[in-house]
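Here is the structure we will look at, set down as structure tokens.
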Amino acid sequence: MPRPTPSSCCAGLRPTLTQGWRDGLPLTPAPFRQLASRSGSTPLELIRTCAGLLASGALQPIHARWGPGLVTERWRVFFDAADTTLLNALAALPGCVRIEQVVPAADARAAHGLWAELEALDANGLSAQLKRLTAAPSAQLCVQPAQPGDTPSEGPRGDPALAAALEAGLALSAHPFAHCARQLGRSERSLLASLQRWQQRQELHGLVLAPPPPRQPRPGWVTHWCEPPVAHEPGWPVSTELVRARTGPATTPWPWALMAVSHGMAPPQGLAPGGCHVRVQISEPRAQAQLFTPPG
């Protein structure tokens, strides 16, 4: 029977792990062997500590961080009922970019709802992420679709099974790539060769083992219009982000014609009339505003 890992060893590994190997795991059959040698531990000690951090939510599964050579999709989803369990599950998703949680109010019909923005390779990748949550969204919208030219026969889009496995997260084991290869019915050598090619093409940054991104909610507002506003006043706040509805047929209802997300304690000024203001807490404010016009 393996001996228990000394608590002092675990305590020494935790800071190293929570800082993360953000540049990616070594693309070798036994990546934890190299990582252990760098941290002064054994592979078994390292994996055990990782398992504890995963269980507590302090570390995310081994997952893909796509590179600049690959255009991913951005989706906005809405949950009309959200609790702490759903909020924590969303925050733990590797593809979750930001969350806008509704601040409860006595007269708010969606007092416990939230909007979230997710990144995925495609709609199938989004569905795989949503299946890991405790509830399904009541509305979703693709705000940044992949372009027709972004579907080459090679790369992650040419191997959707492997891409989906990397987005979902690899099993924590001494040989994670071999485990993934067995699940996909291929050899470990061919799987690693694919990952190395994707990395050379800058479509894959790496397979990262890191904690969830820090989330420090800031006060803000979501303003939405059910009908497209006819016009808006010039000089909209630069901290405002607008999201437009899909112009083509939608498979999932999206009830809003236009949406603005703004930062600050006070409701935004200068927006088109007819919008409904909802106070929210924004987990990851955008560094730069994105402005869209409503569909014509």
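For the charge dipole of segment 24-133, defined by +1 on Lys and Arg C-beta atoms and -1 on Asp and Glu C-beta atoms about the Cα centroid, which residue among Ser56, Leu126, Phe79 has the Cα displaced farthest towards the positive pole?
Checked the options; the winner is Ser56.
How much length would be gained if the chain were fully extended between Gln200 and Ser127, taking 0.36 nm per residue of separation minus their Cα-Cα distance, in nm to one decimal?
Numbers: separation 73, 0.36 × 73 = 26.28 nm, distance 2.81 nm.
Result: 23.5 nm gained on full extension.
Per q in 0.26 1/Å, what log10 I(q)/I(0) does a Debye calculation on the alpha-carbon atoms of segment 165-215 return?
So the normalised log intensities are -1.12.
Per residue, how much accessible area does segment 161-230 show when a 1.4 Å probe rolls over the protein heavy atoms, in square angstrom?
Working: 3430 Å² over 70 residues.
Heavy-atom accessible area per residue stands at 49 Å².
When the chain is fully extended, how far beyond the present Cα-Cα distance does Ser56 get from Glu227, taking 0.36 nm per residue of separation?
Details: separation 171, 0.36 × 171 = 61.56 nm, distance 4.36 nm.
Result: 57.2 nm gained on full extension.
Let me know the Rg and Dmax you get for segment 20-140 when you use only its Cα atoms, in Å.
17.7, 58
Rounded to the nearest whole Å², what accessible area per residue is found for segment 40-145 with the 1.4 Å probe? List each step's numbers first, then the result.
Working: 4450 Å² over 106 residues.
Here the residues of segment 40-145 average 42 Å² of exposed surface.
So for Val278, Val102, what's the accessible-area order with a 1.4 Å probe, most first?
Working: Val278 30, Val102 5 Å².
These residues rank, largest area first, as Val278, Val102.
Give the Cα extents of segment 33-101 along the principal axes, in whole Å, largest first.
Its Cα atoms span 46, 35, 12 Å along the three principal axes.
Rounded to the nearest percent, how much of the accessible area of segment 29-137 (1.4 Å probe, protein heavy atoms only) is carbon and sulfur? Before the final figure, lay out each step's value.
Values: 2490 of 4740 Å².
Answer for segment 29-137: carbon and sulfur cover 53 percent of the accessible area.
Based on C-alpha coordinates, I'd like the Rg and Dmax of segment 72-222, in Å.
In order Rg, Dmax, the Cα atoms of segment 72-222 give 17.6, 59 Å.
With every protein chain present, what accessible area does Glu119 have (1.4 Å probe, heavy atoms only), rounded to the nearest 10 Å²?
For Glu119, solvent-accessible area is about 60 Å².
The values are calculated or read from the model by the stated rules, or taken from the named source; none is laboratory data. All values derive from a computational prediction rather than experimental measurement. Neighbour counts are summed over all protein chains in view; Cβ atoms, including those assigned to glycine, are modelled from backbone coordinates with ideal geometry. The protein model used for the area step is the full one, side chains on, heavy atoms only, and it has no ligands, DNA or RNA in it. Shrake-Rupley method; radii C 1.70, N 1.55, O 1.52, S 1.80 Å.
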